[in-house]
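Structure record follows, encoded as structure tokens.
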Amino acid sequence: MTRIIKGALIQATWTGDKDSMIEKHIGYARQAAEQGAQVMCFQELFYGPYFCQVQDRKFYSYTEPIPDGPTTEKMQKLAEETKMVLVVPMYEVDGTGIYYNTAAVIDADGTYLGKYRKTHLPHLEGFWEKFYFRPGNLGYPVFDTAVGKVGVYICYDRHFPEGARMLGLNGAEIVFIPSATSRGLSQHLWRIEQTSHAIANGYYVGTINRVGIEKEIGPDDFYGESYFCDPRGQFVGEVASAYDEELIVRDLDLDLIKEVRDTWQFYRDRRPDMYDKIVEA
């Protein structure tokens with residue numbers, strides 16, 4: 001039996017407040033479900049601006065517990081309503097002053113499956129993430145969902161192939177990479193790194209970037225260009241707009257994973273016994 005599923009990504013502009021941003025994404029999730037989507041990912045820190053352009057403690061107010069916070073509970077109800085698996089990136093609080101850049105994974109029946117915490121944190125002009133987050137400490141979980149085995153990597157993580165390989169070793173069939181990435185050098189890398197992870201590890205990647213300028217926060221212009229790519233590294237359909245808000249829904253043939261892995265035996269031929277320096281401090 002052929003395993004073809006429909007995946008969705010939404011690249012969205014900042015509305016100016018958390019409540020309307022959540023409602024915007026709920027609306028797009030319902031649209032995706034109407035188009036037959038079975039799994040959907042939102043962008044990094046989806047319900048807020050990308051506040052890491054500045055260093056300001058007022059943005060700590062965007063934190064919520066996961067899974068016991070109001071947005072996770074709302075997303076569980078949305079997943080159950082739409083019958084979609086949802087990957088929901090949020091700003092997590094895990095104790096006084098302990099904050100993470102996190103994505104919750106919710107199954108199509110509304111069951112909370114777990115979370116991934118962003119592992120690698122940049123700290124430079126426009127990306128002051130160590131001011132806001134602790135590095136992730138949950139490893140590279142892969143979640144057994146209604147559509148298959150789903151993993152998550154977040155934004156700056158994508159520059160590090162080690163975690164992408166760990167997701168593959170842990171059984172991922174689809175890896176979602178939600179991001180907030182501004183125009184500049186990384187735009188050249190955007191279509192190279194994620195497709196490379198797909199090729200090297202033989203899985204689908206759905207990568208998403210917000211779009212537009214959040215003028216009250218900073219000058220960064222987020223360039224969108226969200227896409228799905230297959231295990232061969234080929235784009236599935238068109239890449240999304242570089243300027244406009246856009247929902248994309250694509251067919252993903254999961255049978256292609258076995259076909260590609262049977263052709264390119266990267267897992268068989270890898271030599272972990274020769275890679276000891278990779279994990280030396």
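Just checking, does region 89-96 include any residue being of a type in the set (Val, Ile, Thr), touching a residue at least 24 places away in the same chain (Cβ under 8 Å) and either within 21 Å of Ala8 (Cα to Cα) or in contact with a Leu (Cβ under 7 Å, 6 or more places away or on another chain) (or both)?
Scanning region 89-96, I find no residue that is of a type in the set (Val, Ile, Thr), touching a residue at least 24 places away in the same chain (Cβ under 8 Å) and either within 21 Å of Ala8 (Cα to Cα) or in contact with a Leu (Cβ under 7 Å, 6 or more places away or on another chain) (or both), so the answer is no.
Suppose the filter is closer than 24 Å to Tyr204 by Cα and touching a Lys or Arg at 6+ places or on another chain (Cβ under 8 Å); does Gly48 pass it?
Spelling it out, it is not the case that Gly48 is closer than 24 Å to Tyr204 by Cα and touching a Lys or Arg at 6+ places or on another chain (Cβ under 8 Å).
Please find, within region 81-105, the residue that is surrounded by the fewest Cβ atoms within 10 Å (Cβ to Cβ) out of those that are among the hydroxyl-bearing types (Ser, Thr, Tyr) and more than 17 Å from the chain's Cα centre (by Cα).
Thr96
Where in region 83-185 are there strands (runs of 3 or more DSSP E), lying fully within it, with 1 or more residues that are polar (S, T, N, Q)?
Output list reads 99-106, 142-145, 174-179.
Any residue in region 168-193 that is surrounded by 14 or more Cβ atoms within 10 Å (Cβ to Cβ) sitting within a Cβ distance under 8 Å of a residue that is at pLDDT below 95 and β-branched (Val, Ile, Thr)? List the pairs, counting only those 6 or more apart or interchain.
If the second residue must be at pLDDT below 95 and β-branched (Val, Ile, Thr), the pairs left are Gln187/Thr181; Trp190/Thr181.
Criterion first (in contact (Cβ under 8 Å) with a residue 40 or more places away in the chain, farther than 21 Å from Cys229 by Cα, touching a helix residue (DSSP H, G or I) at 6+ places or on another chain (Cβ under 8 Å) and surrounded by 14 or more Cβ atoms within 10 Å (Cβ to Cβ)) does Ile10 satisfy it?
No: the conditions fail for Ile10.
Would you call Lys83 in contact with a strand residue (DSSP E or B) (Cβ under 7 Å, 6 or more places away or on another chain) and of a type in the set (Lys, Arg)?
No, not satisfied.
Can you work out which of the residues in region 223-270 that are in a loop (DSSP other than H, G, I, E, B) and among the polar types (S, T, N, Q) is surrounded by the most Cβ atoms within 10 Å (Cβ to Cβ)?
Looking at residues that are in a loop (DSSP other than H, G, I, E, B) and among the polar types (S, T, N, Q), I get Ser226.
Consider region 201-220. How many of its residues are among the polar types (S, T, N, Q) and within 17 Å of Ile10 (Cα to Cα)?
So the answer is 2.
Just name the residue that is surrounded by the most Cβ atoms within 10 Å (Cβ to Cβ) out of those in region 194-215 that are outside any helix (DSSP H, G or I) and hydrophobic (A, V, I, L, M, F, W, C).
By that ranking, first place goes to Ile208.
Filter region 61-80 down to the residues that are surrounded by fewer than 17 Cβ atoms within 10 Å (Cβ to Cβ) and out of contact with any strand residue (DSSP E or B) (no Cβ under 7 Å at 6 or more places or on another chain) and list them by number.
Ser61, Asp68, Glu73, Lys74, Lys77, Glu80
Kindly indicate the residue of region 271-281 that is acidic (Asp, Glu) and part of a helix (DSSP H, G or I) and also nearest to Ile177 (Cα to Cα) among those meeting that condition.
Ranking the qualifying residues of region 271-281, first place goes to Asp276.
Is it true that some residue in region 106-127 is touching a Pro at 6+ places or on another chain (Cβ under 7 Å), crowded, with 22+ Cβ neighbours inside 10 Å, touching a residue at least 24 places away in the same chain (Cβ under 8 Å) and over 22 Å from Leu256 (Cα atoms)?
yes
Would you tally the residues in region 145-161 being farther than 21 Å from Thr181 by Cβ, under 15 Å from the mean Cα position of the chain (by Cα) and either in contact (Cβ under 8 Å) with a residue 60 or more places away in the chain or surrounded by 22 or more Cβ atoms within 10 Å (Cβ to Cβ) (or both)?
1
In region 49-66, what count of residues is obtained for those that are within 11 Å of Tyr132 (Cβ to Cβ) and free of Cβ contacts under 8 Å to residues at least 60 places away in the same chain?
Summing the residues that are within 11 Å of Tyr132 (Cβ to Cβ) and free of Cβ contacts under 8 Å to residues at least 60 places away in the same chain in region 49-66 gives 4.
The values are calculated or read from the model by the stated rules, or taken from the named source; none is laboratory data. No experiment lies behind these values; they were computed from the predicted model shown. We place every Cβ from the backbone using ideal geometry, glycine too, and count neighbours over all the protein chains shown.
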